[in-house]
Amino acid sequence: MNPYHHHSDAELLALLKEGNARAFEAIYRRYASELYQFARRNIQVKEDCEEMVQDVFESMWVRHKELKI
């Protein structure tokens with residue numbers, strides 16, 4: 001289990017901004033499914049939704065130093 005699961009969103013974002021991969025994993029586990037479900041309500045193709053979610057999280061990781069908290 002990820003030890004960051006009990007952290008608040010603000011705490012996780014602050015850790016992510018520092019490059020903490022475990023915090024990123026906690027954010028992913030917390031929000032990937034919800035984001036996917038949102039996309040599925042608006043986009044018919046399952047694979048497109050999966051790719052969009054991956055793109056969002058990839059961008060978040062690549063640009064973590066630029067996050068505005």
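The values are calculated or read from the model by the stated rules, or taken from the named source; none is laboratory data. Please read all numbers here as calculations on a predicted model, not as lab measurements. Cβ placement follows ideal geometry from the backbone for every residue including glycine, while neighbour counts extend to all protein chains displayed. Ligands, DNA and RNA are excluded from the accessible area calculation, which covers all protein heavy atoms including side chains. Shrake-Rupley method; radii C 1.70, N 1.55, O 1.52, S 1.80 Å.
Over the chain, average the accessible area per residue using a 1.4 Å probe and give it in Å², no decimals. Let's see the in-between values first.
Details: 5140 Å² over 69 residues.
Ligands and nucleic acids excluded, the figure is 75 Å² per residue.
Glu25: accessible area at probe 1.4 Å, nearest 10 Å²?
Its heavy atoms expose roughly 60 Å² to the probe.
Take the Cα atoms of the chain, find their three principal axes, and give me the spread along each one in whole Å, biggest first.
36, 25, 18
Using Cα positions and a limit of under 18 Å, work out the aspartates and glutamates in reach of Lys68, with same-chain residues fewer than 8 apart set aside.
Straight-distance partners of Lys68: Asp9, Glu11, Glu18, Glu58.
Please list Lys68, Lys17 from largest to smallest accessible area, probe radius 1.4 Å, with all protein chains kept in place.
Result of the area sort, largest leading: Lys68, Lys17.
Could you please state how large a percent of the accessible area of the chain is carbon and sulfur, counting protein chains only and using a 1.4 Å probe? Mind dumping the intermediate values first?
Numbers: 2770 of 5140 Å².
Result for the chain: 54 percent of the exposed heavy-atom area is carbon or sulfur.
Tell me, what ³J(HN,Hα) does each residue in region 10-27 have, in order and in whole Hz, if you take phi through Karplus 6.51 cos²θ - 1.76 cosθ + 1.60 with θ = phi - 60° and put x for Gly and Pro?
After applying 6.51 cos²θ - 1.76 cosθ + 1.60, I find 4, 5, 5, 5, 5, 5, 4, 4, 7, x, 6, 5, 5, 5, 4, 4, 5, 4 Hz.
Tell me, what is the percent relative contact order of the chain, built from C-alpha pairs under 8 Å that lie six or more residues apart? Before the final figure, lay out each step's value.
Values: 43 pairs, mean separation 27.5, N = 69.
Rounded, it is 40 percent for the chain.
Just subtract the alpha-carbon distance of Glu58 and Ile43 from 0.36 nm times their residue separation and send over the number in nm, one decimal.
Numbers: separation 15, 0.36 × 15 = 5.40 nm, distance 1.99 nm.
Taking Glu58 through Ile43 to full extension adds about 3.4 nm, to one decimal.
Given the -39500 (n - 2.57) contribution per DSSP H run of 4+ residues, what per-residue ellipticity at 222 nm results for the chain, rounded to the nearest 500 deg cm²/dmol? Walk me through the numbers on the way to the answer.
On the way: 3 runs with 48 residues, N = 69.
So the calculated ellipticity at 222 nm is -23000 deg cm²/dmol.
Express in nm, to one decimal, how much length is gained between Asp9 and Leu35 on full extension, taking 0.36 nm for each residue of separation and deducting their alpha carbon distance. Could you put the intermediate results ahead of the total?
Values: separation 26, 0.36 × 26 = 9.36 nm, distance 1.53 nm.
Net length gain for the segment: 7.8 nm.
Explain nothing, just the number: dipole magnitude of the chain about its Cα centre with +1 on each Lys and Arg Cβ and -1 on each Asp and Glu Cβ, in debye rounded to the nearest 20. All intermediate terms of the calculation are to be shown ahead of the outcome.
Numbers: 10 positive and 12 negative charges, 39 e Å.
With only Lys, Arg, Asp and Glu charged at Cβ, the dipole is about 180 debye.
List the lysines whose alpha-carbon lies under 20 Å from that of Lys46, not counting same-chain residues fewer than 8 positions away?
none
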